[in-house]
Amino acid sequence: MKTFVCIKYVPDTSEAEVKLNPDGLTVDDSRFSFDINDADNYAVEESVQIKEAQGGEVTVLSIGPKKSEVMIRMALAKGCDKAMRVEDERMYGHDPLMVAKVLAGAIKGQEFDLVLTGCMASDDWHMSTGVALAEELGVNHASMVNKVEVLDGKVKVNRELEGGLLESVEVELPAVLTIQTGINEPRYAPIKGIRMAQKKELNVVSLDDIGVDPAAVGADASGIELEKLYIPEVVSTAEYLEGEPEEKAEKLATILHKGGLL
Amino acid sequence: MGNVLVLAEHRQGALRDVSFEMLAVAPKLAEGMGGEAVVLLFGSGMDDLAKKIVNYGVKVMVVDDPVFENFNAEIYQQALSALLDDLKPKVFMTGHTAQGVDFMPALAIEKKLPLVADAVGLAFEDGKVKATRQLYSGKLNAVVAFKEADTYLVTFREGAVEAPDPSSAGSVEKVDSPVKEEVSYRKFVEYIEAEVGDVDITQSDILVAIGRGLKEDKNLPLVEDLAAAIKADIAGSRAATDAGWIPHDRQVGTSGKAVKPKLYIAMGISGAFQHLAGMKGAKTIVAINKDPEAPIFSVADYAIVDDMFKVVPKLTEKLKELKG
Ligand SMILES: Cc1cc2nc3c(=O)[nH]c(=O)nc-3n(C[C@H](O)[C@H](O)[C@H](O)COP(=O)(O)OP(=O)(O)OC[C@H]3O[C@@H](n4cnc5c(N)ncnc54)[C@H](O)[C@@H]3O)c2cc1C
Ligand SMILES: Nc1ncnc2c1ncn2[C@@H]1O[C@H](COP(=O)(O)O)[C@@H](O)[C@H]1O
């Protein structure tokens, strides 16, 4: 099995305050901590497990800045074999179709059986890149995958539908699968792996290097345009309980008890 | 003419909510562009479902073909590719669901058409179709405008708007199936129903729900103590089930369960829309989160902005006291 796994370096905004830059079109990300996208972490684990069971090779692919190399090295430490990082300012990152074209450009011309992506990037929430990538590569796909079984020349996968319902489908290889969180238990990188990862191949390339015409993936090529960003107000009608943690707990206990909520 | 074509979604014999919700958006959008909203229904034996939609005052185009028996992205793409050429809608939209996200991006690439995914709003303004979408765990909104193209593709979030009430009778038209080739490279095998666990959280009166804020499973006793004190069942966000802290059948949200307890206490849960969709039907919602901007507070009745590890033990203690 030759596998590519696409990973994205994303800011953790679950606890951080989001602030816009004065241009209104970009976010001040100076205070965010960045790491691998949650779903991509599961995709890395799945690619390594498939390699361990089937043999073969896993190539990590990421479009991102120099500082994302810590994330890439971590994937290499977990058992991926080599990596490619695309860095080029000319790509229109707001459009997942443009991102897919760049990822496809980096993969085209190389042999592969499987490409794994995350089903969703936690920063931009498109859930579109993987399926667009499959079409761009001219191969089959299945999205929202939470189980992969490798068969002869095909994979049998479970797709997660709404309400806990699953759909089992068979897809002929080569194929792109978009991986859902929870599919496996991502491992921690072993110390030995971390040492070995430093020696593994990490190619840094530009659009020109991978033969992608910058004009075909730039803002002008995109059919959409980001007009503005704004912080939505959290409209809450809740009663906020104030005080020291202990007082808040007491107030809540009283409300729940007296209000007949228990 | 600017028609808006809406692909209705159904599964196991029932229309999905998003199919109706899109009818709160599509007619208005079409009106702005001087066109009409048309609903497309793919399936096998669709008469009953078509009847349900036609009451919303729209034209329903039914493509009845056994190949649509179960959803298959390859077949949908083939059919839609042909129908978009024929019908030339200005906007083609479907749900941002496990079904919609499985073919729309591929269709966009094939037809070289622009796509906005996971739209929560859609309007015709200043001569342009504009979509609103969310980023960064719902802490940031973006307005995205389409540039001129034959058709704009949109996947629309389920639960983003309320479905309208049925209005007047529209019309139903049967359309020949455009699917010509057998599709062989992707095969539907079966549905696998959700697992059933020891507790059915959809029946619980009180739920204590945990999220990634719990940090580690060794902190579980904190929650178990509270749950025991008030005879609650424990549920959680996807982050909590993915981490293995609680079983999968305790997950609340779009890919888990929709719950309607009398009391829902959410702690260390940010309130992603996929989670809110499963619990906003709770009668009383308490949210404990240390981030004042967490979207969970938008649905809460009682809010505590603080560290759950400081609040919850005290809460349990006090509740035990009060109950005597
Ligand atoms: C297709 C799809 C389907 C999905 N379906 C579901 C679903 O059904 N259900 C679901 O829940 N999610 C679902 N998700 C995932 C969803 O998008 C979120 O990632 C998830 O809900 C986040 O869980 P969380 O709130 O526990 O974690 P986070 O978003 O990481 O939030 C953790 C919260 O804990 C708070 N916190 C941290 N420490 C403390 C502390 N000491 N005290 C108090 N608060 C603290 C933080 O401020 C933060 O708000 C789905 C995603 C996809 C792509
Ligand atoms: N810059 C990137 N580099 C590598 N992979 C990416 C990038 N952006 C998106 N992806 C992949 O596409 C998936 C889905 O992203 P999205 O469609 O934006 O939700 C992610 O989980 C990644 O696997």
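Numbers below:
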| quantity | calculated |
| --- | --- |
| Buried accessible area, chains B and A (both chains, 1.4 Å probe, Å² to nearest 100) | 7700 Å² |
| Averaged over A:129-138, number of beta-carbon atoms from partner chains that fall within 10 Å | 5 |
| Cross-link pairs beyond the 27 Å C-alpha cut-off, checked among A:Lys78/B:Lys112; A:Lys251/B:Lys262; B:Lys187/B:Lys280 | A:Lys78/B:Lys112; B:Lys187/B:Lys280 |
| Gyration tensor (Cα) of the range B:159-264, equivalent ellipsoid semi-axes in angstrom | 40, 22, 12 |
| Fraction of antiparallel bridges per DSSP, chain B only, in percent to nearest 5 | 25 percent |
| Residue-wise HN-Hα coupling along the range A:81-87, computed from phi with Karplus coefficients 6.51, -1.76, 1.60 (Hz; x: Gly, Pro) | 9, 8, 8, 9, 10, 9, 10 |
| Candidate lysines for bridging to B:Lys174, where Cα separation is under 19 Å - those fewer than 8 sequence places away on the same chain excluded | B:Lys51, B:Lys52, B:Lys59, B:Lys88 |
| Chymotrypsin sites (Phe, Trp or Tyr not before Pro) within the range A:179-262, DSSP loop, no more than 15 other Cβ atoms inside 10 Å | A:Tyr188 |
| Cα-Cα separations in the range A:146-262 greater than 22 Å, expressed as whole percent | 76 percent |
| The range A:66-146: trypsin sites (Lys or Arg not before Pro) in DSSP coil with no more than 14 other Cβ atoms inside 10 Å | A:Lys108 |
| Rg followed by Dmax, in Å, when the range B:201-323 is reduced to its Cα trace | 12.8, 38 |
| Phi to ³J(HN,Hα) by Karplus 6.51 cos²θ - 1.76 cosθ + 1.60 over the range A:38-48, Hz, x for Gly, Pro | 3, 5, 5, 4, 5, 5, 4, 4, 4, 5, 6 |
| Semi-axis lengths (Å, descending) of the ellipsoid that matches the C-alpha gyration tensor of chain B | 42, 22, 18 |
| Share of carbon and sulfur in the accessible heavy-atom surface of chain A [1.4 Å probe, %] | 48 percent |
| For B:Gly121, distant residues with modelled amide H under 5 Å away | B:Thr132 |
| Alpha carbon Rg of the range A:2-221, scaled by the compact-globule rule 2.2 N^0.38 Å | 0.99 |
| P(r) of the range A:35-159 over all Cα-Cα pairs, binned every 10 Å from zero, in whole percent | 12, 46, 38, 5, 0 |
| DSSP-defined antiparallel bridges as percent of all bridges, the protein assembly as shown, nearest 5 | 35 percent |
| Sites matching GluC sites (Glu not before Pro) across the range B:141-245 that sit in DSSP coil, with at most 11 neighbouring C-beta atoms within 10 Å | B:Glu148, B:Glu162, B:Glu181, B:Glu182, B:Glu193, B:Glu195, B:Glu216 |
| Chain A: most fluctuating residue of A:Ile72, A:Ile107, A:Ile231 per GNM, C-alpha cutoff 10 Å | A:Ile231 |
| Exposed-site-free run, longest, chain B (rule: trypsin sites (Lys or Arg not before Pro); DSSP loop; at most 11 other C-beta within 10 Å) | B:1-111 |
| For the range A:2-221, share of DSSP beta bridges that run antiparallel, in % to the nearest 5 | 40 percent |
| Per residue accessible area in Å² of the protein assembly as shown, where ligands, DNA and RNA are left out and the probe is 1.4 Å | 41 Å² |
| Centroid-to-centroid separation of the range A:110-160 and the range B:153-204 [C-alpha atoms, Å] | 21 Å |
| For the range A:251-262, 3J(HN,Hα) per residue [Karplus equation, 6.51 cos²θ - 1.76 cosθ + 1.60, θ = phi - 60°, Hz, x = Gly/Pro] | 4, 5, 4, 5, 4, 5, 6, 5, x, x, 8, 10 |
| Highest-MSF residue in chain A out of A:Ser14, A:Ser206, A:Ser68 [GNM, Cα springs under 10 Å] | A:Ser14 |
| Over 18 Å [Cα-Cα, the range A:41-97], rounded percent | 40 percent |
| Mean-position separation - Cα centroids, the range A:1-39 and the range B:16-40, in angstrom | 34 Å |
| Dipole magnitude of the range B:1-144, debye to nearest 20 (Cβ charges: Lys/Arg +1, Asp/Glu -1, about Cα centre) | 520 debye |
| 24 Å tail of the calculated P(r), the range B:4-174, as % of Cα pairs | 30 percent |
| Long pairs among A:Lys248/B:Lys318; A:Lys258/B:Lys283; A:Lys101/A:Lys154, criterion Cα-Cα beyond 19 Å | A:Lys101/A:Lys154 |
| Shape of the range A:128-181, Cα gyration tensor, a/c cut at 1.5 | oblate |
| Exposed-loop-free span, longest in chain A, where GluC sites (Glu not before Pro) count as exposed if DSSP calls them loop and at most 13 other C-beta atoms lie within 10 Å | A:112-200 |
| √(5λ) per eigenvalue of the Cα gyration tensor, the protein assembly as shown, largest first, Å | 37, 31, 24 |
| Translational diffusion coefficient (Stokes-Einstein; Kirkwood radius from C-alpha pairs) of the range B:97-222 at 4 °C, 1.567 mPa s, in µm²/s | 65 µm²/s |
| Long-range HN-HN contacts of B:Gly57 with modeled amide H, under 5 Å | B:Ser167, B:Ser168, B:Gly170 |
| Residues whose placed amide H lies under 5 Å from that of A:Val176, excluding near-sequence neighbours | A:Val115, A:Asn140, A:His141, A:Ala142 |
| Residues along the range A:67-104 losing 50 Å² or more of accessible surface when the other protein chains are present rather than the chain by itself (probe 1.4 Å) | A:Leu97 |
| Mean ellipticity per residue at 222 nm, deg cm²/dmol - from DSSP H runs of n ≥ 4 across the protein assembly as shown, formula -39500 (n - 2.57) | -8000 deg cm²/dmol |
| Protein-only accessible surface order, largest first, of B:Val6, A:Val205, B:Val189 at 1.4 Å | B:Val189, A:Val205, B:Val6 |
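The values are calculated or read from the model by the stated rules, or taken from the named source; none is laboratory data. Computed from a prediction, not measured in an experiment: that's the story for all the values here. Every residue, glycine as well, gets a Cβ built from its backbone with ideal geometry; the counts of neighbours run over all protein chains shown. Areas reflect the complete protein model, heavy atoms only, side chains present, ligands, DNA and RNA absent. Shrake-Rupley method; radii C 1.70, N 1.55, O 1.52, S 1.80 Å.
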